[in-house]
Amino acid sequence: DGRLTFYPGNQTVDLPFINFMKRYGTVFLNAYTNSPICCPSRAAMWSGLFTHLTESWNNFKGLDPEYVTWMDFMEKHGYHTQKFGKLDYTSGHHSVSNRVEAWTRDVDFLLRQEGRPMVKLTGDRKHVRVMEADWRNTDKAVNWIKEEAINLTQPFVLYLGLNLPHPYPSPYMGENFGSSTFLTSPYWLEKVTYETIKIPKWSSLSEMHPVDYYSSYTKNCTGEFTKQEVRNIRAFYYAMCAETDAMLGEIISALRDTGLLKTTIVIFTADHGELAMEHRQFYKMSMYEGSSHVPLLVMGPGVKGQQRVPNVVSLVDIYPTMLDLARIPVPQNLSGYSLIPLLCGKAENEVSPRRPRPSWVLSEFHGCNVNSSTYMLRTGKWKYITYSDGRSVLPQLFDLTADPDELTNVAIKFPVTVHSLDKLLRSIVNYPKVSSSVQEYNKRQFISWKQSLGQNYSNVIANLRWHQDWLKEPKKYENAIDKWL
């Protein structure tokens, strides 16, 4: 969650290496994902293109394997490149359940798709390496810096993708489980200041926006939760962020020990945030700040220190920034804009002949746990969220200055603002058309998957992540699917 990288969010948990990057570099106060879920977000970051252009509609559908990323570009221009850890931007990953849930979101049924969010404490006060796979990848990156990077005669670019901070799979859910367990050790939990944890305000279920209600229900969050349960989920999430920060620290330390830190640009960001029980939801897939607002910190030669940038930026800006750093001509068709002028503390007008950076960012979502294509435009103090064709579902408008917790939808109160933001959004993306093509894609994919299973279809669909609800009334849900088709 990007809000943890600056005040007041950073009062809840000790993140020493994030703080180190803030001291010696630049923190972006308003950085957003272009799609609040792993694969579509990463597809945008690696391609520099908005989601409706990559057509990465869900966690299964990303970029084509031969797509030229910014790292490929840098390699062609003489950079030594190295990737470790989670990449997740090409098609074909994630479970069958994940795909089927995304394809069937237009079906008129309501089924829980996740385990109830819960916490789990492991190990003792000495247990540091909770997420072992991430630590192994961090070790690989550290060794690479110390053994390879140090001896290179050419410049290098290293990418390390972590899974943390991410809820863990919940085995009690069965083989297609979601990830609804927040797991940490006492060592990391001690880095969290419990007293400063805010318990989010919730609207009553009947007052919720219909799309929010669908998300809350499918994420198994509509039941009763005690304040202590909510506080624990949030505390465990922050503890997982502290463990992530320590991995960042390993990279910074390796660069410092090898003398490479003073000649290396370091960028820290995330594919999306975590709601951690804000708006009666956990996970991502939402345009609320907890899910869509990402961290973005940059430090290194030429980057202004102790700088806080208020401009709205997003992950598509990484592609042109990387090429700019490497002095490689930036292609004209990108959705993003180089961050270099902002990082150097220059006014936009000093930097020509580049295109001027727009005053808005776009995020969109077309996957599971949300029963409608969603579009978010963030500009100035406003966040405008619209759904589907823009007519069949009510839009939302939040004034983030007056209402940072996004509790009051003021769309009806400010029709002129809604009209102008909607007009701006339509000039960027013909969103009713995109929504309609996603609906067609979902139906087409589902039909072809169903046909591939033949007689076995009912049995397979009954045992996906929604099995808890489905198995109570399988015929009812099969009929709903037939009606949709």
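If we scan segment 411-428, do we find a residue that is open to solvent by less than 10 Å² (accessible area, probe 1.4 Å), in the same structural domain as residue 93 (by the TED database), out of contact with any Gly (no Cβ under 7 Å at 6 or more places or on another chain) and part of a loop (DSSP other than H, G, I, E, B)?
Checked against the condition, which is being open to solvent by less than 10 Å² (accessible area, probe 1.4 Å), in the same structural domain as residue 93 (by the TED database), out of contact with any Gly (no Cβ under 7 Å at 6 or more places or on another chain) and part of a loop (DSSP other than H, G, I, E, B), segment 411-428 yields no hits at all.
Identify, from the list 296, 260, 362, 342, the residue that is within 26 Å of residue 16 (Cβ to Cβ), open to solvent by less than 10 Å² (accessible area, probe 1.4 Å) and either acidic (Asp, Glu) or assigned by the TED database to the domain that holds residue 245 (or both).
Details: 260 fails: open to solvent by less than 10 Å² (accessible area, probe 1.4 Å); 362 fails: within 26 Å of residue 16 (Cβ to Cβ); 342 fails: open to solvent by less than 10 Å² (accessible area, probe 1.4 Å).
The conditions single out 296.
Could you tell me which residue of segment 450-485 is nearest to residue 114 (Cα to Cα), considering only residues that are hydrophobic (A, V, I, L, M, F, W, C) and open to solvent by 30 Å² or more (accessible area, probe 1.4 Å)? Don't jump to the end; show me each part of the working.
Just the residues of segment 450-485 that are hydrophobic (A, V, I, L, M, F, W, C), to begin with: 453, 460-462, 464, 466, 470-471, 480-481, 484-485.
So of that shortlist, the ones also open to solvent by 30 Å² or more (accessible area, probe 1.4 Å) come out as 453, 460, 471, 484-485.
On the way: 453: 24, 460: 17, 471: 15, 484: 23, 485: 25 Å.
Among those residues, the one meeting the criterion is 471.
Only one of these is in the same structural domain as residue 22 (by the TED database) and open to solvent by 10 Å² or more (accessible area, probe 1.4 Å): 265, 252, 233. Name it.
Numbers: 252 fails: open to solvent by 10 Å² or more (accessible area, probe 1.4 Å); 233 fails: open to solvent by 10 Å² or more (accessible area, probe 1.4 Å).
It is 265.
Identify, from the list 62, 48, 2, 25, the residue that is among the small types (Gly, Ala, Ser), surrounded by 18 or more Cβ atoms within 10 Å (Cβ to Cβ) and not assigned by the TED database to the domain that holds residue 178.
Details: 62 fails: not assigned by the TED database to the domain that holds residue 178; 48 fails: not assigned by the TED database to the domain that holds residue 178; 25 fails: not assigned by the TED database to the domain that holds residue 178.
That would be 2, the only listed residue that is among the small types (Gly, Ala, Ser), surrounded by 18 or more Cβ atoms within 10 Å (Cβ to Cβ) and not assigned by the TED database to the domain that holds residue 178.
So which residues in segment 272-298 are over 14 Å from residue 32 (Cβ atoms) and not in a helix (DSSP H, G or I)?
If we filter segment 272-298 for residues that are over 14 Å from residue 32 (Cβ atoms), which is where we start, we get 274-283, 285, 297-298.
The answer is 274, 275, 276, 277, 281, 282, 283, 285, 297, 298.
Show me the strands (runs of 3 or more DSSP E) found entirely inside segment 113-191 where at least 3 residues are open to solvent by 50 Å² or more (accessible area, probe 1.4 Å). If you could, list the steps in order and put the result at the bottom.
Values: elements: 118-121, 156-161, 179-184.
Result: 118-121.
Among the listed residues 217, 238, identify the single one that is outside any loop (DSSP other than H, G, I, E, B), farther than 22 Å from residue 268 by Cβ, in contact (Cβ under 8 Å) with a residue 12 or more places away in the chain and open to solvent by 10 Å² or more (accessible area, probe 1.4 Å). Give the derivation first.
Values: 238 fails: farther than 22 Å from residue 268 by Cβ.
Of the residues listed, the single one that is outside any loop (DSSP other than H, G, I, E, B), farther than 22 Å from residue 268 by Cβ, in contact (Cβ under 8 Å) with a residue 12 or more places away in the chain and open to solvent by 10 Å² or more (accessible area, probe 1.4 Å) is 217.
Which one of the conditions (1) over 22 Å from the mean Cα position of the chain (by Cα); (2) among the small types (Gly, Ala, Ser); (3) open to solvent by less than 10 Å² (accessible area, probe 1.4 Å) does residue 276 fail to meet, given that it meets all the rest?
Failed condition: (1).
Just one of 35, 47, 56 is more than 25 Å from residue 443 (Cβ to Cβ) and under 18 Å from the mean Cα position of the chain (by Cα); which is it? Working first, answer last.
Working: 35 fails: more than 25 Å from residue 443 (Cβ to Cβ); 56 fails: more than 25 Å from residue 443 (Cβ to Cβ).
47 is the lone residue from the list that is more than 25 Å from residue 443 (Cβ to Cβ) and under 18 Å from the mean Cα position of the chain (by Cα).
Yes or no, residue by residue, for (1) at pLDDT 95 or above; (2) of a type in the set (D, E, K, R):
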residue: 399; (1), (2): yes, yes
residue: 402; (1), (2): yes, no
residue: 414; (1), (2): yes, no
residue: 419; (1), (2): yes, no
residue: 431; (1), (2): yes, no
residue: 434; (1), (2): yes, no
residue: 440; (1), (2): yes, yes
residue: 453; (1), (2): no, no
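I need the full set of residues from segment 449-483 which are assigned to a loop (DSSP other than H, G, I, E, B), under 15 Å from residue 108 (Cα atoms) and under 32 Å from the mean Cα position of the chain (by Cα), in order please. Give the derivation first.
Start the filter on segment 449-483 by keeping residues that are assigned to a loop (DSSP other than H, G, I, E, B), which leaves 463-466, 471-473.
Subset that is under 15 Å from residue 108 (Cα atoms): 466, 473.
Listed by number, the list holds a single entry, 466.
The values are calculated or read from the model by the stated rules, or taken from the named source; none is laboratory data. Since we're looking at a predicted model, the values are computed, not measured. Cβ coordinates were reconstructed from backbone atoms using ideal geometry, including for glycine residues, and neighbour counts include every protein chain displayed. The protein model used for the area step is the full one, side chains on, heavy atoms only, and it has no ligands, DNA or RNA in it. Shrake-Rupley method; radii C 1.70, N 1.55, O 1.52, S 1.80 Å.
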